Amino acid sequence: MDMTTQDDSQPIQDATIVEETPAEMLVNLESTIKEHIASVDKSKTELKKLKEMLADTYKNDPTYVEHDKLVKEATKVRSKTKSELLSDYLREYMRLSGANEIEGDDGEVRDIVYVAKLVKRHSKFGNNS
């Protein structure tokens, strides 16, 4: 390689372009891919450990445990309400249209199906009848 100097008297090497053979490119590419896979796997393992540590912290905090319980109960109530609203809409649609199916905007035809279930009836005075 030729050494030249710039105006500030710093030596510079002339760049020599070295081309890789297809086999070398393949080996280098494979190596890079394997390094990335190993890095992703290591990151996943570290993330799992950190999530477990965070979960343990939450489990050991009584305030968090109580709030989490309340959130789960509220989520159940919300889900039930959503389901009931949709059920009411479907029941009314069926009553007005006389049809037990509806076609969505996506062209998919869906059947309206009701599932019956048996529940105990409670009287106003707390006695089962």
(message) Can you tell me which lysines have their Cα less than 30 Å from the Cα of LYS120? Leave out same-chain residues fewer than eight positions away.
(response) LYS69, LYS72, LYS76, LYS80, LYS82
(request) Would you work out which of TYR58, GLY104, LEU70 lies farthest towards the positive end of the dipole of segment 25-129, given +1 charges on the beta-carbon of Lys and Arg and -1 on that of Asp and Glu, about the Cα centre? (result) LEU70
(request) Can you send over the solvent-accessible area of ARG110, 1.4 Å probe, protein chains only, in Å² to the nearest 10? (result) 110
(request) Kindly sort GLU92, GLU52 by accessible area of their heavy atoms, largest first, with the probe set to 1.4 Å. (result) GLU52, GLU92
(request) Set the Förster radius R0 to 35 Å, insert the Cβ-Cβ distance between GLU20 and LYS44 as r into 1/(1 + (r/R0)^6), and round the FRET efficiency to 0.05. (result) 0.65
(request) For LYS59 and ALA116, calculate 0.36 nm times their separation in residues minus their Cα-Cα distance, and state this gained length in nm to one decimal. (result) 16.6 nm
(request) Could you calculate the contour length gain from SER87 to ILE37, that is, 0.36 nm times the residue separation minus the distance between their Cα atoms, to one decimal place in nm? (result) 13.2 nm
(request) Can you sort VAL65, VAL119 by 1.4 Å-probe accessible area, starting with the largest? (result) VAL119, VAL65
(request) Round to the nearest 10 and report in Å² the accessible area of ASP61, as given by a 1.4 Å probe over the protein chains' heavy atoms. (result) 60
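The values are calculated or read from the model by the stated rules, or taken from the named source; none is laboratory data. Bear in mind the structure is a predicted one, so any value in this text is a computation, not a measurement. Virtual Cβ from ideal backbone geometry, glycine too; neighbours counted across all protein chains shown. In case anyone asks, the SASA skips ligands and DNA or RNA and just uses the protein heavy atoms, side chains included. Shrake-Rupley method; radii C 1.70, N 1.55, O 1.52, S 1.80 Å.
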